[in-house]
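The values are calculated or read from the model by the stated rules, or taken from the named source; none is laboratory data. Every value quoted in this text rests on a predicted model; they were computed, and no experiment measured them. Backbone-built Cβ (ideal geometry, glycine too); neighbour counts: all protein chains shown. Remember, those area values only see protein heavy atoms, side chains included, never the ligands or the DNA or RNA. Shrake-Rupley method; radii C 1.70, N 1.55, O 1.52, S 1.80 Å.
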Amino acid sequence: MVTCYHCGENCIDDIIHYDEKSFCCSGCKTVFDILNSNDLSYYYDLERSPGTSPKSLEGKYDYLENADIVEKLLEFNDLDTQVISFVIPSIHCSSCIWILENLNKLNNAIKSSQVDFPKRSIRVSYNSDSISLKELVILLNRIGYEPSISLENYNKKASVIDRSLIYKLGVAGFAFGNIMFLSFPEYFEVEEFWLDQFKVLFRWLMFGFSIPVVFYSGSDYFVSAYKGLRARILNIDVPIALGIAVLFLRSSAEIILNLGTGFFDSLSGLVFFLLLGRYFQQKTYAFLSFDRDYKSYFPIAVTRLINSIEEQVQVYKIKKGDRILIRNEELLPMDAVLIKGKASIDYSFVTGEAEPVVKKSGDKLFAGGRQQGGIIEIEALKAVQQSYLTQLWSNEIFSKNKPSSFQSLTNQISKRFTIAVLSIAILSGIFWLIYDPSKALNVFTAVLIIACPCAIALAAPFTLGNLLRIYGREKFYLKEASVIEQMAKIDTIVFDKTGTITTNKRNSISYEGIELTRSEEEILGGSLRASNHPLSRSLYQLLKKNNIVTPDEFLEHTGKGIETTYKDTSFKIGSADFVKIKSISNNSVELKKPEKTSVHISSNNIYKGCFTFSNAYREGLSKLFEDLKTKKDLIILSGDNDGERENLELMLPRDTKMFFNQQPGHKLEFIKKLQQNGKTVMMVGDGLNDAGALAQSDVGIVVSEDINVFSPACDGILDASVFKNLEDYIDLSQNGIKIIKWAFLLSLLYNLIGLSFAVTGHLRPVVAAILMPLSSISIVVFTSVATHLFSRKISRDLKY
Amino acid sequence: MNIIYMLLGVSVVVALIFFVAFIVSVKKGQYDDVYTPSVRMLFEDELVKPNPDKNQSDSKEKSN
């Protein structure tokens, strides 16, 4: 197979040879030509076949001529400098970075461009006197980097990046280092003249360094503890905040009263390690977005017709009754009535049903459908926000964050822990009050200090943070670490059908009926080539290995089929009705059941048979279900008709429940009902039609063929190529919970050792200074080693 | 030994300088994208002499 020099795809259709290189399409060739003639062919030296083939435009970006819209999109706009940021999903390698940062070589009106690779975005500053935004977007498109501009970009102000955690970490680390340095001389408790001289200064310096640590770096813990207490929850931050407060007060008291050095070193170390854990857990996939709604799918503007004059209008300005033009591949942003044109609407976003639906003028069209074919004219029935699909987002599940009934493992344990620590502190305090009152306060505070659950608080962040990275390496991208804990608890998995357990790429096609001769296949191939219907395209791919003859006559009835003649044979290819009604049915072959997608063929009015398209299921589906069924309830929830039921029943375990014809709203309700019955549900879906169910479920996972393409709001994105490993991933999450529990035991052990010093009144600063970092570091080491052992087991399993 | 006071002052000042430098760099966004610069630093001069590069890649293709 020849691969394209530009994009690396296999050349399927016609191979274009140019400059001694092969290209899969003229688009790729054009990109090569542009880059080559601008001395930018280094692009191809940097990485092998780095490109993406450009898509056709035809008026797609006309709305960028509208000054209002441009103004909203621009980040900065001043006389001769305009700055704009785009997300370009096709950015994927160093060649991409290089070419996009050398845009000024292609057009010198572009001043500079900077790529942010993790975000897949580019920031371009240009001069709008010489190049308009539309021209800029078209330029990017021409070299295969189509920016994604959707309704979401409209009116979006540059979001403020929250860097407070890094600042806090920096402050804590800075103070920690300096305090360690200053307290070092006193660890050895040597009697030395100069040491005594400087002791006071050193102590006050430590005090000074610790103030920002407590009041700035540690502030989150106090706030969180306060919130927890007000909600009557003893979360893990309560003992931490208590520990920090006691550490600081006792240490300050010690140096003010000149009793000792205090525990400033342990204090700053504690805060530093805790923040480090938080930072580690905060792994984000900047190029993925986990909280998208319909806005990221919808166009920013549409073409409105007023007295047959076209005009680009922002979609929010569309009112009921406006006439709108929708071109090929454009999305309907609102419910509407078809006025003119051949509508063939692909509702896969809304229903999951992949086959386009043909509509006549006067029919109602729903928002979220994608037009396939020519230009249509529609009349808006509702504004964007009131349309059927968009109303799904007015469901309360989208307005608030997920109900936080979920209690993390750490918080569960912290309740008992806090109570235990407080009672030990009080009991030992009382004991010493009777035995030796001078030591009582000392022991009481020492217990609170040493029992500060630094190690416990670190166990979960480091385990989950590690797992998050391991999942990422295995192409499973989670929104945040807490998803792992929830994933370990699920007992029911609900799968969407189309696009989730089936692939979008391959349809498996089977033929039933009278066998076609070779020449018939040739004519068929030739006829199908001329048709743009998606089914024709797939069928053509199947037949084209034969010789292709061009038919003499060719007539396409949109929504019905094709009529074609070659020499003395005439063919009808199309829907059952189209082929059957006109053909003399001497029914030697029966027409197939209509619920399956099929293309029927008749030759010279004799019915031949039909090609049936069944969904191609993902690799390893049966095994995955087989493995999962012993542990989880499995349910299939499809927006499609039940044409595939038999097929699925054969393939999947017997007790898999299946529900068909589920509207997006029904799916949400279905999940809710499961949860009310005490189930913990994972929803595995793919499209906007699952958005409600994904948001309602405890863990919503989106399966995606191409992770750079937008997916609906969810907790995790699973690359379709690793779908079969889902069970291993769930297992890994459960192992993660085990690791956390072991780490808890380990840190409790440290606490016991520390407590034995504390209750006997022997807690010296140096003991605390050793014990605290030691416990923290050993927890970090333990969790890292354990997670990597488990993940190695997983990656080994996945190899086979 | 009074020099300790000065040394102490110097060490704290030096530490503070680095600390401020860190804060400033975070504020300027240096930590927002920690990947792209690592790739970008490897390009640099290629554009200056695009022609020899082009010839090279052409000749490579021919020899194959």
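Which residue, of A:Glu649, A:Glu626, A:Glu644, is part of a helix (DSSP H, G or I), out of contact with any strand residue (DSSP E or B) (no Cβ under 9 Å at 6 or more places or on another chain) and among the acidic types (Asp, Glu)? Walk me through how you get there before you give the answer.
Values: A:Glu649 fails: out of contact with any strand residue (DSSP E or B) (no Cβ under 9 Å at 6 or more places or on another chain); A:Glu644 fails: out of contact with any strand residue (DSSP E or B) (no Cβ under 9 Å at 6 or more places or on another chain).
Selected residue: A:Glu626, the only one of A:Glu649, A:Glu626, A:Glu644 that is part of a helix (DSSP H, G or I), out of contact with any strand residue (DSSP E or B) (no Cβ under 9 Å at 6 or more places or on another chain) and among the acidic types (Asp, Glu).
Looking at A:Val115, A:Val124, A:Val137 in this structure, which one is surrounded by 20 or more Cβ atoms within 10 Å (Cβ to Cβ), at pLDDT 85 or above, assigned to a helix (DSSP H, G or I) and in contact with a helix residue (DSSP H, G or I) (Cβ under 7 Å, 6 or more places away or on another chain)?
On the way: A:Val115 fails: assigned to a helix (DSSP H, G or I); A:Val124 fails: assigned to a helix (DSSP H, G or I).
Going through A:Val115, A:Val124, A:Val137 in turn, just one is surrounded by 20 or more Cβ atoms within 10 Å (Cβ to Cβ), at pLDDT 85 or above, assigned to a helix (DSSP H, G or I) and in contact with a helix residue (DSSP H, G or I) (Cβ under 7 Å, 6 or more places away or on another chain): A:Val137.
Look through region A:35-66, keep the residues that are among the aliphatic types (A, V, I, L, M) and under 30 Å from A:Ile326 (Cβ atoms), and return whichever of them is most open to solvent (accessible area, probe 1.4 Å). Walk me through it before giving the result.
Here is the first cut: in region A:35-66, the residues among the aliphatic types (A, V, I, L, M) are A:35, A:40, A:46, A:57, A:64.
Next, from what is left, pick out any that are under 30 Å from A:Ile326 (Cβ atoms): A:57, A:64.
Values: A:Leu57: 46, A:Leu64: 8 Å².
Only one residue fits best here, namely A:Leu57.
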Top-ranked residue of region A:490-506 - restricted to ones that are in a strand (DSSP E or B) and either open to solvent by 10 Å² or more (accessible area, probe 1.4 Å) or hydroxyl-bearing (Ser, Thr, Tyr) (or both), ranked as modelled with the highest pLDDT: A:Thr492
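Can you tell me which residue is most open to solvent (accessible area, probe 1.4 Å) among those in region A:175-210 that are among the polar types (S, T, N, Q) and facing chain B (nearest Cβ under 9 Å)?
Ranking the candidates gives A:Gln197 first.
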Unmet requirement for B:Val26, which otherwise passes all of (1) modelled with pLDDT of 80 or more; (2) open to solvent by 80 Å² or more (accessible area, probe 1.4 Å); (3) part of a helix (DSSP H, G or I): (2)
Region A:669-701, residues that are among the β-branched types (Val, Ile, Thr), buried (at least 24 other Cβ atoms within 10 Å of the Cβ) and outside any strand (DSSP E or B): A:Ile671
Taking region A:30-42 as the search range and keeping residues that are over 11 Å from A:Tyr5 (Cβ atoms) and among the hydroxyl-bearing types (Ser, Thr, Tyr), which one is nearest to the other protein chains (Cβ to nearest Cβ)? A:Tyr42
Give region A:82-112 a look and list any residue that's touching a residue at least 60 places away in the same chain (Cβ under 8 Å), assigned to a strand (DSSP E or B) and among the aliphatic types (A, V, I, L, M), or say none. A:Val87
Taking region A:71-83 as the search range and keeping residues that are farther than 11 Å from A:Asn153 by Cα and among the hydrophobic types (A, V, I, L, M, F, W, C), which one is surrounded by the most Cβ atoms within 10 Å (Cβ to Cβ)? A:Val83
Might you let me know whether region A:434-451 holds any residue that is in a helix (DSSP H, G or I), aliphatic (A, V, I, L, M) and surrounded by fewer than 17 Cβ atoms within 10 Å (Cβ to Cβ)? yes
Matching residues, region A:211-237, being crowded, with 18+ Cβ neighbours inside 10 Å, under 33 Å from the mean Cα position of the chain (by Cα) and of a type in the set (Val, Ile, Thr): A:Ile236
Given (1) within 33 Å of the chain's Cα centre (by Cα); (2) more than 19 Å from A:Gly262 (Cα to Cα); (3) within 14 Å of chain B (Cβ to nearest Cβ), identify the lone condition not met by A:Ala172. (2)
So which pairs qualify, if the first residue must be in region A:672-685 and under 23 Å from A:Asn725 (Cα atoms), the second must be small (Gly, Ala, Ser) and in a loop (DSSP other than H, G, I, E, B), the Cβ gap must be under 6 Å, and the two must be at least 6 apart or on different chains? A:Val681/A:Ser697; A:Met683/A:Ser697
For B:Val20, indicate whether it is assigned to a helix (DSSP H, G or I), surrounded by 10 or more Cβ atoms within 10 Å (Cβ to Cβ) and either more than 7 Å from chain A (Cβ to nearest Cβ) or at pLDDT 85 or above (or both). yes
Mind checking which residues of region A:753-764 are in a helix (DSSP H, G or I) and under 19 Å from A:Ala440 (Cβ atoms)? A:Gly754, A:Leu755, A:Ser756, A:Phe757, A:Ala758, A:Val759
Here the qualifying pairs (Cβ atoms under 6 Å; residues six or more apart or on different chains; first in region B:25-42 and facing chain A (nearest Cβ under 7 Å); second exposed (fewer than 12 other Cβ atoms within 10 Å of the Cβ)) come out as none
Do you know which of the residues in region A:140-157 that are closer than 20 Å to A:Gln314 by Cα and open to solvent by less than 30 Å² (accessible area, probe 1.4 Å) is nearest to the other protein chains (Cβ to nearest Cβ)? A:Pro147
Scan region A:457-489 residue by residue and report those that are open to solvent by 10 Å² or more (accessible area, probe 1.4 Å) and in contact with an Asp or Glu (Cβ under 6 Å, 6 or more places away or on another chain). A:Lys475, A:Lys479, A:Gln486
Among (1) polar (S, T, N, Q); (2) crowded, with 18+ Cβ neighbours inside 10 Å; (3) more than 30 Å from A:Leu182 (Cβ to Cβ), where does A:Ser251 come up short? (3)
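Table: residues versus (1) polar (S, T, N, Q); (2) open to solvent by 60 Å² or more (accessible area, probe 1.4 Å); (3) under 30 Å from A:Gly716 (Cα atoms).
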{"position": "A:Phe280", "(1), (2), (3)": "no, no, yes"}
{"position": "A:Phe290", "(1), (2), (3)": "no, no, yes"}
{"position": "A:Thr303", "(1), (2), (3)": "yes, no, no"}
{"position": "A:Asp322", "(1), (2), (3)": "no, no, no"}
Just to verify a result, which residue in region A:87-108, among those that are open to solvent by less than 10 Å² (accessible area, probe 1.4 Å) and not hydroxyl-bearing (Ser, Thr, Tyr), is nearest to A:Ser41 (Cα to Cα)? A:Ile99
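Identify, from the list A:Ser704, A:Ser733, the residue that is of a type outside the set (A, V, I, L, M, F, W, C), within 30 Å of A:Pro118 (Cβ to Cβ) and free of Cβ contacts under 8 Å to residues at least 40 places away in the same chain. Outline the logic, then answer.
On the way: A:Ser733 fails: free of Cβ contacts under 8 Å to residues at least 40 places away in the same chain.
Result of the check over A:Ser704, A:Ser733: A:Ser704.
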